[in-house]
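Since the structure comes first, as structure tokens, the remarks are kept for the end.
What follows is calculated from the coordinates using simple rules that are stated; it is not laboratory data. As the structure is a prediction and not an experimental result, all values here were calculated from the model. Virtual Cβ from ideal backbone geometry, glycine too; neighbours counted across all protein chains shown.
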Amino acid sequence: MVAFGVNDLREEEVIVAPPKAGEVRMKVMCNALCHTDIYTLSGQDPEGLFPSILGHEAGCVVEAVGEGVTSVKVGDHVVPGYTPQCKGSDCMFCMSPKTNLCPKIRGTQGKGVMPDGTSRFTLAKDGSTVYHFMGCSTFAEYTVLAEISIAKIDPAASLEKACLFGCGISTGLGAVWNNAKVEPFSSVAVFGLGAVGFAVVQAAKAVGASHIVGIDVNPNKFEMAKKLGCDVCYNPKDHGDEPMQQVLVKNSPTGFGFDYTFDCTGNVNVMRSALEAAHRGWGQCCLVGVAAAGKEIATRPFQFITGRRCFGTAFGGWKTRDAIPMLTDKMMKGEIAVDHFITHRFNGVGETTKAIDALHSGDCLRAVVHY
Ligand code: NAD
Ligand code: AHE
Ligand code: ZN
């Protein structure tokens, strides 16, 4: 599926070149749609490039390896990662336990090309170049990734389920466990009850948060939110002009806000609400949602003076190649439930457009397209 321009996604025949040194070509077996794909397709991503092949939550099988590749072989089951983990002893990011943001190939990745500065995709009909996306490009039957971006998983794992660890579910879990480090008996407010927000709820429940609230403009999300651990759900539309932070602080267990708040919407006004709903003195606000080009956050510095903190997460702070196999194993042991995230299934890469319609419908958490 080639994104030729804003909301212009078409099925095309694409030549996928063999992997060069340090690269791996893989057959994509299935792909789950993440909100970030439709955000980039809609032209809101300042780094978005057209024509490109979007997609970054996939289950794949290695088909060919380039020179020097040692960590995977043909036939291995893998999940692409949009944040690489080079593991180099000279990489201060990979060596630090404080971050997962390995910058090794970030420059070329942001330009839609492989680390050598070229694309592996050309349109069969005219030989023109098609760009890569987030180092993954999984809206395609075959794709090429840098070896350092590939997580090898247990071949016994369901690829349909494991693909979810390629982005949204890992992000929500890691935001709670790695970035915010939510403690037992905490109060938690989650803005945006999509797959990412639900993973936040699930992770908060798992660590023993004592009071969890969910906020969404779509009340159809509330039944599942309560099943996963939300004690109360709020629809901002039910509160007229009253800012949600005011409603939340007033109804919080202490009357001073929530220990931890998470934005999983990407809306900068909601980010402000999340920050201002954080507890006086110690509340922490984690930004997970991705905002559109040109958007900025506003708040009074007084919010920080009075003890609130704000930070963000990329991929839940997980180091990709170590974490995805570990999370997959936990899923296989029944320690992380993921089945409820798959609300829609489609067949054939061409049905990616149906998956996009499903995600827009408001009833969808993850639509998995089997190729
Ligand atoms: P989604 O579209 O499935 O879910 C978003 C939810 O937010 C929906 O339920 C929607 O109804 C709700 N919402 C929208 N506007 C709202 C508002 N004003 N107030 C309250 N709720 C509102 O998306 P998703 O796949 O769950 O992704 C959520 C966000 O996280 C997106 O912005 C995505 O780009 C981002 N994301 C970030 C990372 C990261 O590493 N930081 C990873 C994955 C996704
Ligand atoms: N390109 C955008 C930012 C997009 C963005 O923030 N992406 C998130 C992942 S969203 C996954 O669904 C992220 O982790 N970014 C870190 C990175 O290195 O891209 C912009 O604003 O320029
Ligand atoms: Zn994503």
How long are the semi-axes of the equivalent ellipsoid of the chain, defined as square roots of 5 times the Cα gyration tensor eigenvalues? Whole Å, largest first. 35, 21, 20
√(5λ) per eigenvalue of the Cα gyration tensor, the stretch 171-314, largest first, Å: 19, 17, 16
If you take every DSSP beta bridge whose two residues both sit in the chain, what share of them, in percent to the nearest 5, is antiparallel? 50 percent
Could you give the semi-axes, largest first, of the ellipsoid that matches the stretch 17-77, computed as the square roots of 5 times the alpha carbon gyration tensor eigenvalues and rounded to whole Å? 27, 14, 8
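With 30 Å as the limit, write out which pairs from 73/221; 111/152; 161/181 have Cα-Cα distances beyond it, or answer none.
Violating the 30 Å Cα-Cα cut-off are 73/221.
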With +1 assigned to the C-beta of every Lys and Arg and -1 to the C-beta of every Asp and Glu, and no other charges, what is the dipole magnitude of the chain about the Cα centre in debye, to the nearest 20? 880 debye
For residue 20, list the aspartates and glutamates whose Cα falls under 14 Å from its own Cα; do not include residues on the same chain fewer than 8 positions away. 63, 67, 116, 147
Report the dimensions of the stretch 259-319 along its three principal axes from the alpha-carbon atoms, largest first, rounded to Å. 29, 29, 14
Within the chain, what's the longest stretch lacking trypsin sites (Lys or Arg not before Pro) that sit in DSSP loops with no more than 10 other Cβ atoms inside 10 Å? 126-332
The chain: longest stretch without exposed GluC sites (Glu not before Pro) (DSSP loop, at most 12 other Cβ within 10 Å), sites themselves excluded? 68-295
Quick one: Cα centre-to-centre distance for the stretch 308-368 and the stretch 2-25, in angstrom? 22 Å
In terms of the Cα gyration tensor, with a ≥ b ≥ c the square roots of its eigenvalues, is the stretch 134-200 rounded because a/c is under 1.5, prolate because a/b exceeds b/c, or oblate? prolate
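Suppose only helical runs count, i.e. DSSP H with n ≥ 4. What mean residue ellipticity at 222 nm does that imply for the chain under -39500 (n - 2.57) per run, divided by all residues and rounded to the nearest 500 deg cm²/dmol?
Helix contribution divided over all residues of the chain: -6500 deg cm²/dmol.
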Stokes-Einstein translational diffusion, the stretch 53-119 - Kirkwood Rh over all Cα pairs, 0.890 mPa s, 25 °C, in µm²/s: 179 µm²/s
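Restrict the search to the stretch 275-317; then list the chymotrypsin sites (Phe, Trp or Tyr not before Pro) that DSSP places in a loop and that have at most 14 other Cβ atoms within 10 Å of their Cβ.
282
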